[in-house]
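What follows draws every value from the coordinates through simple rules; no lab data is involved. From a predicted model like this one, the values you see are computed outputs, not experimental measurements. Here Cβ is always computed from backbone atoms with ideal geometry, including for glycine, and neighbour counts include all displayed protein chains.
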Amino acid sequence: MDKRFGMFIHWGPVTLRGTEIGWSRGHQVALSDYDNLYKEFNPVLFDADTWVKVARDAGMKYITITSKHHDGFCLWPSEFTEYDIMATPFKKDVLGELAKACEKYNIRFCIYYSLLDWHDPDYPMHNDGSKELDSQANMDKFVLTIKNQLKELVTNYDPYMLWFDGQWESPWTDEMGADLYSYLKGLKKDLIINNRLGKEMTAIHDKEVDYTKMIGDYDTPEQKIGKLNLDFPWESCITIGNQWAWKPNDKLKSAKECLHTLIRTASGNGNLLFNVGPMPDGRIEQRQTELLDQMGHWLRSYGESIYETTGGPYSPTHEYSATRKDNKVFIHLFQNNQSELVLPSLKGVTVLTASFMNGSDVKMKIHEGKYNFTLPHHLPDSISNVLVLQLDKPARDLSLIR
Ligand code: FHN
């Protein structure tokens with residue numbers, strides 16, 4: 001959770017069609033065509049060091065790659081299937097090369113793994129519209145394959161975190177999830193595991209969740225920023241475009257939108273797992289790397305207000321949000337046309353100074369239990385500004401101001 005910012009990577013032979021990974025199988029892309037794309041998958045421009053350096057220079061501290069998505073294709077040489085990278089003309093261990101590059105550049109290596117596999121005959125569902133479970137399937141054998149492959153992944157690549165997905169279909173049960181959780185912690189004690197081993201999760205839903213029912217170490221809001229939560233850790237997974245896998249000319253977020261998304265996740269006391277979709281030739285397209293570089297540029301100046309911080313004490317609003325660390329509260333200003341800022345005063349502490357991070361002092365008056373800040377006409381940063389309140393006591397004990 002101190003790392004706050006990671007790269008999510010959705011990639012595979014499907015990029016040859018530019019459609020959505022997994023979901024377009026048998027729909028936008030005919031089943032036989034989709035399942036034979038691996039024969040053409042040859043990303044000769046793939047360079048693990050380049051991908052990891054893009055993440056590092058963006059200010060990301062960990063990388064999570066789709067080892068196997070819902071289409072069942074494996075991006076590593078697996079003993080337990082023929083449907084893997086060694087069956088392609090490329091024949092390189094993508095996961096192995098990324099794990100090595102992560103070690104080299106001090107970035108944590110993490111692995112995404114789908115618990116559903118519509119391509120595997122042992123899995124009772126195939127996303128083909130049929131309501132009936134496949135009577136030829138063998139779920140026990142399928143779960144054994146999962147365990148064997150996860151042992152292979154943990155043993156060969158020593159991941160820092162496992163990001164599960166695809167647990168929502170009826171063949172998968174919470175019992176299986178709980179069993180797999182203890183099996184994996186038995187393999188590697190300090191392995192971090194997301195909460196998609198069990199049905200209880202926030203994901204894309206707006207429903208209240210019961211954290212006591214969750215199977216996993218943290219919650220995973222999807223395509224939205226999680227709610228401010230100081231009790232249960234969470235990490236939002238969000239696309240830089242609209243699609244998870246690469247899509248030609250996909251509509252990408254602006255640099256301001258990308259950074260405000262990161263700042264708002266940290267202000268909610270959560271992490272951002274920001275998704276890129278590399279191209280079929282192995283490169284991450286320049287449009288995406290330029291956006292990531294702009295995020296890195298901002299974080300090189302203001303990273304102290306994001307990494308190793310706690311969300312709050314102020315709840316996020318349209319105008320601002322807050323993070324805190326040691327005796328400092330960082331107020332993140334999203335608008336750069338406001339001449340003053342009014343905040344409820346903090347109980348039990350004194351604001352010693354108020355100033356822009358790496359910038360000038362800001363005049364502050366206390367009036368009727370409120371802090372009134374006079375803001376200059378031009379704020380220092382065009383994307384997002386950080387007002388630092390230096391306190392006379394640690395900020396961590398401050399209660400939340402809703
Ligand atoms: O179906 C997947 C989707 O393709 C993508 O992998 C996201 C990432 O969090 N998870 C699922 C949708 O919840």
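Brief remarks follow.
- Calculated [222 nm] ellipticity per residue, helices only, for the chain: -7000 deg cm²/dmol; basis is -39500 (n - 2.57) per DSSP H run with n ≥ 4, divided by all residues, nearest 500.
- Summary value for region 237-326: 31 percent relative contact order, contacts being C-alpha pairs under 8 angstrom separated by 6+ residues.
- Note that region 276-284 has calculated 3J(HN,Hα) couplings of 10, x, x, 7, x, 8, x, 8, 8 Hz, one per residue in order, obtained from phi through the Karplus relation 6.51 cos²θ - 1.76 cosθ + 1.60 (θ = phi - 60°); glycine and proline are x.
- Between the listed residues LEU389, ALA245, TRP234, the Cα displaced farthest toward the positive end of the dipole of the chain, a dipole computed from Cβ unit charges relative to the Cα centre, is found at LEU389.
- Dividing the mean sequence gap of close Cα pairs (under 8 Å, 6+ apart) by how many residues the chain holds gives a relative contact order of 16 percent.
- Per-residue ³J(HN,Hα) for region 14-21, Karplus 6.51 cos²θ - 1.76 cosθ + 1.60, θ = phi - 60°, Hz, x for Gly and Pro: 4, 4, 5, 10, x, 9, 6, 5
- Hits among lysines - C-alpha to C-alpha of LYS365 under 24 Å, sequence gap 8 or more where chains match: LYS325, LYS328, LYS347, LYS393
- The count of lysine pairs in region 180-317 with alpha-carbon distances below 15 Å, taking only pairs 8 or more places apart or on different chains, stands at 5.
- Loop-located GluC sites (Glu not before Pro) in region 302-365 (DSSP state other than H, G, I, E, B) with a sparse environment of at most 14 neighbouring Cβ atoms within 10 Å: GLU308, GLU319.
- Normalised contact order of region 1-134, rounded percent, pairs of Cα under 8 Å and 6 or more residues apart: 25
- Region 303-382 versus region 178-205: alpha-carbon centroid distance in Å: 37
- Potential lengthening between LYS365 and GLU132 on full extension [0.36 nm per residue; Cα-Cα distance subtracted]: 77.1 nm
- Average 1/r across all pairs of distinct alpha carbons in region 250-402, invert it, and you get the Kirkwood radius: 16.4 Å.
- Working from the Cα coordinates of the chain, the gyration tensor eigenvalues give, after taking √(5λ), semi-axes of 42, 23, 18 Å in decreasing order.
- Dipole of the chain, positive direction: furthest Cα of ILE111, LEU272, ASN337, with charges on the beta-carbon: ASN337
- Rg(Cα) / (2.2 N^0.38 Å) computed for region 131-224, rounded to two decimals: 1.14
- Rg and Dmax of region 202-334, Cα atoms only, in Å: 15.7, 48
- Long-range HN-HN contacts of ASN275 with modeled amide H, under 5 Å: PHE8, ILE238, THR239, ILE240
- Net lengthening on full extension, ARG287/ASN229 (0.36 nm per residue, minus Cα-Cα): 17.6 nm
- ³J(HN,Hα), Karplus 6.51/-1.76/1.60, whole Hz, each residue of region 388-402, x for Gly, Pro: 9, 9, 8, 9, 8, 9, x, 8, 5, 8, 5, 6, 5, 9, 6
- ILE401/LYS151 FRET efficiency (R0 51 Å; Cβ-Cβ; nearest 0.05): 0.60
- Overall Cα dimensions of region 258-344 - principal axes, largest extent first, Å: 53, 29, 20
- Percent of beta bridges antiparallel (DSSP, the chain, rounded to nearest 5): 50
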